[in-house]
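Data block below; observations after.
The values are calculated or read from the model by the stated rules, or taken from the named source; none is laboratory data. The structure presented is a predicted model; accordingly, all values stated were derived computationally and were not measured. With ideal geometry, Cβ positions are generated from the backbone for all residues, glycine too; neighbour counts draw on all protein chains shown. When the accessible area is computed, the model is the full protein with side chains, heavy atoms only, and any ligands, DNA or RNA have been set aside. Shrake-Rupley method; radii C 1.70, N 1.55, O 1.52, S 1.80 Å.
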Amino acid sequence: MAFEAAGFQASHTTFDSGPFQFYASELYERDIPLTHERTEIARLGSATMQQMRKRSSELNRQQLGDQAAFYLKTTV
């Protein structure tokens, strides 16, 4: 609504979430600061990270990811 009010419309939207939406939440639940991210992500294991990647891809396909890029064009 904001970009339409400014005279733009979305010509394309790309949902491009990654596993960060999941592992950041996991670290938060464990009361681990994101500054310790690399060490703690390694402890999650490769199978867990693969599941997180797969889930984020599924959400992107469904246009439900936590992040998107909007390509705008002017309507004027």
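Here are some notes:
- Complete set of residues in region 25-76 that are farther than 29 Å from Met1 by Cα and of a type in the set (A, V, I, L, M): Leu27, Ile32, Leu34, Ile41, Ala42, Leu44, Ala47, Met49, Met52
- Scanning region 1-24 for residues that are part of a helix (DSSP H, G or I) and either among the acidic types (Asp, Glu) or closer than 19 Å to Ala68 by Cα (or both) gives Ala2, Phe3, Glu4, Phe20, Gln21, Phe22, Tyr23, Ala24.
- Members of region 45-68 that are open to solvent by less than 30 Å² (accessible area, probe 1.4 Å) and either in contact with a Gly (Cβ under 6 Å, 6 or more places away or on another chain) or in a strand (DSSP E or B) (or both): Ser56, Leu59
- Count of region 23-76 residues which are touching a helix residue (DSSP H, G or I) at 6+ places or on another chain (Cβ under 6 Å), among the acidic types (Asp, Glu) and closer than 24 Å to Thr13 by Cα: 1
- Checking each residue in region 3-18 for being more than 30 Å from Arg53 (Cα to Cα) and either open to solvent by less than 80 Å² (accessible area, probe 1.4 Å) or in contact with a strand residue (DSSP E or B) (Cβ under 6 Å, 6 or more places away or on another chain) (or both) picks out Phe3, Ala6, Gly7, Phe8, Gln9.
- Whether a residue is under 11 Å from the mean Cα position of the chain (by Cα) and of a type in the set (Lys, Arg) was assessed, and Arg53 passes this test.
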